[in-house]
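One structure is given below, encoded as structure tokens.
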Amino acid sequence: MKRQWTKKEAWDWYNSLSWIRGFNGYPSNCVNRIAMWQSYNHEEVAKQIEYEFSLAANTGFNAVRAIIQFECWYYEHDSFMNNLEEYFSLADKYGLKVMLTIGNDCSVPKEVFEKVSFGPQKVDWGHHGGKKINPHEGIYDAPGYYLMDEEEFEPYYYKMVDELGSKYAKDPRLQVWDIFNEPGNGRRGNLSLKAMEKFFEIIRSHDPIAPLTADVWSYDKDLLPRLEIEKRALELSDIITFHYYGSFENMKKIVDNLRKIYDRPLINNEWLNRCSHNNVLDIFPYFYEEKIGSYHWGLIQGYSQTYEPWGRYFHLKDKSNLDLTKWQHDLYRFNGYPYDEKEIECIKYYCLKADQEK
């Protein structure tokens, strides 16, 4: 629609679907989104994507969240668009609907920002994210940086969004438009507010059949959305997507708050942090029972090393509430065996139950 959905329209859409349960993450052989979307070594990346989609489908998942990379669209336009279309086709082959994420505020300051280079991507082993310098270190003061901040590149971001909207607005393989990942993160505050609003406007101009959203991620002491840009994201969204990597008890409070205030379908499109007691055996059944969509991070151990704890955890003086002996994210090892068989049994049980009920 060329306007925000009403609450009734959002609920009618949501209630027509089987319970949404998906995952985040890059293919195991990719350290970052450049490796995932670039033309270099694409055949091997595509093989890994297909393997992981098969693994996800066999586990019971029916959705996947993909975050794109502007530089791949800008510098390798044709191959990027082909690779994205292949991604949609492979997802469809294994019964996975795609949540496509366009904007993203998780970045590092300009002084440590590495200009994108294509080809082999260096892997820094032992670091969450696969790089020593990454947004999860938590030791930066300056705001994160993107090419979008440069006047010469800003119009091209809008051109990219317009092209994606034109191509996929009516495509049933695309289940949710995730307009912006964690707006305001990376200490950016409202720097991306104009772009986020413009992205919403552009996608809506194409009369999409899928809902639009942007992700809430930061909360105040009362576990309510904290930042101005997040509140604006909620005002613009058809459905509510939120992230939370903390305790199960706080997760439930956030859900209660968002339900009470917004009364729209809820999807948590980032969770799972065993180090801070954000666990599969607690949260996955809860999301099923409460009919909350779920996209944990991530599926399989890989070069991006999201099984490692966030680097900022090691800078904390008080680590008493953390268990750094556990994997933070991911369900499967490099070899495809489960990290924890009980988790996989739990996931399969509730996925099967949801399908039988629908």
Evaluate the Kirkwood expression for the hydrodynamic radius of the chain, namely the inverse of the mean inverse distance over all pairs of different C-alpha atoms, and round to one decimal in Å. 20.5
Count the lysine pairs in the stretch 113-183 whose Cα atoms lie under 26 Å apart, taking only pairs 8 or more positions apart in sequence or on different chains. 7
What longest range of the chain stays clear of loop-exposed GluC sites (Glu not before Pro) (DSSP non-H/G/I/E/B, at most 14 other C-beta within 10 angstrom)? 153-289
Hey, if you put +1 on the Cβ of every Lys and Arg and -1 on every Asp and Glu Cβ in the chain, which of L193, P135, F23 ends up farthest toward the positive end of that dipole? F23
For the chain: relative contact order, % (alpha-carbon pairs under 8 angstrom, 6 or more apart): 22
Lysines with Cα under 25 Å of K353, excluding same-chain neighbours fewer than 8 positions away: K93, K97, K252, K291, K342
Other residues with Cβ under 12 Å from the Cβ of T101 give, with Lys and Arg +1 and Asp and Glu -1, a net charge of -3
If unit charges are put on Cβ atoms (+1 for Lys and Arg, -1 for Asp and Glu) and the dipole of the chain is taken about its Cα centre, the option from N32, S166, L331 lying farthest towards the positive end turns out to be L331
Evaluate E = 1/(1 + (r/R0)^6) for E151 and R173, where r is the Cβ-Cβ distance and R0 equals 51 Å; express this FRET efficiency to the nearest 0.05. 0.90
Taking 0.36 nm per residue of separation and subtracting the Cα-Cα distance, what length does fully extending L324 through D263 add? 18.3 nm
Interatomic Cα distance distribution for the stretch 216-330, bins of 10 angstrom, percent: 13, 43, 33, 11, 0
For all pairs of alpha-carbon atoms in the stretch 77-232, what percent lies in each bin of width 10 Å, listed from the first bin to the last filled one? 10, 32, 37, 20, 1
Rg(Cα)/(2.2 N^0.38 Å) for the stretch 30-110, N = residue count: 1.12
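We did not get these values from a lab; they are worked out from the coordinates using the rules stated. Since this is a predicted model, take the numbers as computed values, not measurements. For neighbour counting, all protein chains shown are included, and Cβ atoms are generated from backbone atoms with ideal geometry for every residue, glycine included.
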